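The values are calculated or read from the model by the stated rules, or taken from the named source; none is laboratory data. All of these numbers come straight from a predicted model, not from anything done at the bench. Note: ideal-geometry Cβ built from the backbone for every residue, glycine included; neighbour counts use all protein chains shown. Protein only, heavy atoms only, side chains kept; ligands, DNA and RNA dropped before computing areas. Shrake-Rupley method; radii C 1.70, N 1.55, O 1.52, S 1.80 Å.
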Amino acid sequence: MIVQMRTGASTGNLEQVIGAITAAGHGYRVIEGTERSVIGVLGSAPSQDLFEHVQTLPGVEMVIRISKPYKLTSREFHPESTVVTVGDVQIGAGMPVLIAGPCVVEGRDALLQTARAAKAAGAVMLRGGAYKPRTSPYSFQGLGVEGLELLAYAREETGLPIVTEVMEPEQVELVAEYADVLQIGARNMSNFPLLRRAGRSDKAVLLKRGFSATIEEWLMSAEYVLAEGNERVILCERGIRSFDPMTRFTLDLTAVPLVKELTHLPVIVDPSHGTGRRDLVAPMSLAAIAAGADGLIVEIHHDPAQALCDGPQAILPDVLRQIADAIGPVYAAVRSPVLAQRT
Ligand code: PEP
Ligand code: MN
């Protein structure tokens, strides 16, 4: 349930509504809009009594039931789009952002070379795994703390904020010491203790869609983070499992406009894991922007054949530059008023 206050409602009016909500055993969240405040009621479905009582309180314009199981995440609750700010980078503010880097941090020189190339190609954030969720326990698992230190060094050298994965709740504090954005990977989308812990961090969270997760399950996972007080969540579509082995996953670009309709959170796309094939990264990057994505996260490598992880989907920095150049006109085209009516 959300309570929309009238323009000019007093602090006393607001407090009276909050008093009624808390007396009924609910939590609440106040969103200060440019003209009026909105109060979101948290927890289980509010009673009919509370619904009717709040409608009679002074300063209340409207009380609306939220039909979705995710509340804080829904656009019903928060009609204005959220812009997630990381340093100087704004995600969800308009022009799509490009995040790029290696799948995994391999070493100091390689990372620095890649970070510089990413920046030169137009990337505004650097990605790279220090802790990797590998299908096989015998595959390279990442450099751990050393990888985090190298990422921080690359940030110092290039100024690019860092996106890196955290896999366990106990790791959040450590990874947050180095990272600007905590990535929660597809395999951990339903790791609820991890989501809660990330929700208590002051770092932005990049939440990837699980490859067998419905859109509603994905948004419920975002709700875990928001419910703990962290509203800086960036959703990332990274492909779902389907029947065709021709691609590694099936990039579900339908999710982009759909999720932007259902939620206020920015949505970016990972065409690297979404396809698993470097020849498909550029076309799907442009398709993602055409679908309205707020950005892309792309794996690059100077020598993909030697990459320690995900070489077949890594593109060369030159190709990233071409993608960056091509995004602008696509974005300009989809901003036309006709297409804007989709959302
Ligand atoms: C990654 O981005 O490095 C990664 C492992 O992605 P995902 O969780 O989407 O598989
Ligand atoms: Mn990868």
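Unpartnered cysteines of the chain (Cβ-Cβ under 4.7 Å counts as a partner)?
Result for the chain is C236, no neighbouring Cys Cβ within the cutoff.
Put +1 on the Cβ of each Lys and Arg and -1 on the Cβ of each Asp and Glu in segment 84-342; which of F249, H273, W218 then has its Cα farthest toward the positive end of the dipole?
So the residue we want is F249.
Between the helical axis of 317-334 and the dominant principal axis of the chain, each derived from Cα atoms, what acute angle in degrees is found, rounded to the nearest 10?
Tilt relative to the chain: about 30 degrees.
What residues have an amide H closer than 5 Å to that of I300, excluding those fewer than 5 places away on the same chain, when H is modeled at 1.01 Å from N in the peptide plane?
Correct list: G101, C103, I315.
Pull up the DSSP beta bridges for the chain and report the antiparallel fraction as a percent, rounded to 5. Working shown, then result.
On the way: 18 of 45 bridges.
Bridges in the chain are about 40 percent antiparallel.
Does a label point 7 Å from the Cα of D318, set along Cα-to-beta-carbon, have any residues of segment 276-303 with amide nitrogen under 14 Å, and which are they?
301-303
Mind telling me which of I99, I39, I268 comes out most flexible in a GNM of the chain, alpha-carbon contacts under 10 Å?
I39
Note down the relative contact order for the chain as a percent, whole number, built from C-alpha pairs under 8 angstrom at least six residues apart. Spell out each step's value before the answer.
Details: 725 pairs, mean separation 52.2, N = 343.
Contact order relative to length: 15 percent.
Once you list every other residue whose beta carbon is under 10 Å from the beta carbon of N191, what net charge do they have if Lys and Arg are +1 and Asp and Glu are -1? Working shown, then result.
Values: positive: R187, R196, R197; negative: E168.
For residues surrounding N191, the net value is +2.
Quick check: at a probe of 1.4 Å, how many percent of the accessible area of segment 1-146 sits on carbon and sulfur atoms?
On the way: 3520 of 6900 Å².
Carbon plus sulfur share of accessible area: 51 percent.
Can you give the FRET efficiency for T56 and T254, using 1/(1 + (r/R0)^6), R0 = 41 Å, r = Cβ-Cβ distance, to the nearest 0.05? Mind dumping the intermediate values first?
Details: r = 42 Å, r/R0 = 1.03.
For T56 and T254, the calculated efficiency is 0.45.
May I ask which of K68/K119; K119/K203; K71/K132 have a Cα-Cα span longer than 28 Å here? Display every interim value, and only then the final one.
Numbers: K68/K119 40 Å; K119/K203 22 Å; K71/K132 31 Å.
K68/K119; K71/K132, as the Cα separations exceed 28 Å there.
Taking amide H positions as placed in the peptide plane 1.01 Å from N, state which residues far from Q183 in sequence (5 or more) or on other chains have amide H under 5 Å from it.
T164, E165, V166, L206
Given contacts defined as C-alpha pairs under 8 Å and at least six residues apart, what's the relative contact order of segment 2-64, whole-number percent? Mind dumping the intermediate values first?
Values: 98 pairs, mean separation 30.8, N = 63.
Relative contact order here is 49 percent.
Beyond 13 Å, how much of the Cα-Cα pair distribution for segment 2-64 remains, as a whole percent? Mind showing how you got there, number by number?
Values: 1084 of 1953 pairs.
The calculated P(r) of segment 2-64 puts 56 percent of pairs beyond 13 Å.
Considering the chain as a Gaussian network with a 10 Å cut-off on Cα pairs, which listed residue, G147, G43, G276, attains the greatest mean-square fluctuation?
G43
Bin all alpha-carbon pair distances of the chain at 20 Å intervals from 0 and give each bin's fraction as a whole percent.
31, 53, 16, 0
At 1.4 Å probe size, with every protein chain present, just tell me what the per residue accessible area of segment 2-64 comes to in Å². Let's see the in-between values first.
Details: 3350 Å² over 63 residues.
Here the residues of segment 2-64 average 53 Å² of exposed surface.
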